[in-house]
């Protein structure tokens, strides 16, 4: 494994740098975000800017990560570890596999369990729509769409406009947020629309 080349790529959807592990809650968020996507790698002993610091106690870091994976994440995860020396400094590489039972939840400081997803180099809270899509995509159930006037109105809107958010869709059809969310989940699972999440907003476009 070429750690230097990996570091040059920079943090992103499937790569995160940690100088050290100080909190089970924080590292659980990152691991959950990876697991709810396609998996990812943590490089422990590396600063955010890519500078290699190395880890003092590989055992301590490994203990914190394993504890977070088993006690602060549900369903629990089983990360794998690899020790790599770079310029005589030890970097602990943690491989987080894609989740087999999505969505995975992380225990937060407030004692509640939350779902996180990875957006660029950040682990962000998943919306109810994204959580529902993760849940139902695991069930391998075919989504039968009978295009009612509500679905057709959304698709017509997206033919003429590049994007729409849930508030705009509720206003467009004068329907409840819950009803709008259900339609968006079904259309997303059918591959008709695509969900876009940023740190500030969530919106939908036609596929």
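The values are calculated or read from the model by the stated rules, or taken from the named source; none is laboratory data. In this text, all values refer to a predicted model and were calculated from it rather than measured experimentally. FYI the Cβ positions are ideal-geometry reconstructions off the backbone, even for glycines, and counts take in every protein chain you see.
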Checking residue 151 against (1) surrounded by fewer than 16 Cβ atoms within 10 Å (Cβ to Cβ); (2) more than 27 Å from residue 75 (Cβ to Cβ); (3) modelled with pLDDT of 90 or more, only one condition comes out false. Which one? (1)
For region 57-81: of the residues being part of a loop (DSSP other than H, G, I, E, B) and either touching a strand residue (DSSP E or B) at 6+ places or on another chain (Cβ under 7 Å) or free of Cβ contacts under 8 Å to residues at least 12 places away in the same chain (or both), which is surrounded by the fewest Cβ atoms within 10 Å (Cβ to Cβ)? 57
Of all residues in region 85-115, which are farther than 17 Å from residue 21 by Cβ and in a strand (DSSP E or B)? 85, 86, 105, 113, 114, 115
Could you list, in sequence order, all residues of region 104-135 that are more than 15 Å from the chain's Cα centre (by Cα), in contact (Cβ under 8 Å) with a residue 12 or more places away in the chain and surrounded by fewer than 16 Cβ atoms within 10 Å (Cβ to Cβ)? 109
Of those in region 24-51 that are part of a loop (DSSP other than H, G, I, E, B) and free of Cβ contacts under 8 Å to residues at least 24 places away in the same chain, the residue nearest to residue 120 (Cα to Cα) is 49
Count, please, the residues in region 173-192 that happen to be surrounded by 15 or more Cβ atoms within 10 Å (Cβ to Cβ) and within 14 Å of residue 127 (Cα to Cα). 6
Scan region 21-43 and give yes if some residue there is touching a strand residue (DSSP E or B) at 6+ places or on another chain (Cβ under 7 Å), loosely packed, with under 15 Cβ neighbours inside 10 Å and under 25 Å from residue 201 (Cα atoms), otherwise no. yes
Of the conditions (1) under 19 Å from the mean Cα position of the chain (by Cα); (2) outside any loop (DSSP other than H, G, I, E, B); (3) surrounded by fewer than 16 Cβ atoms within 10 Å (Cβ to Cβ), residue 167 clears all except one; give me its number. (1)
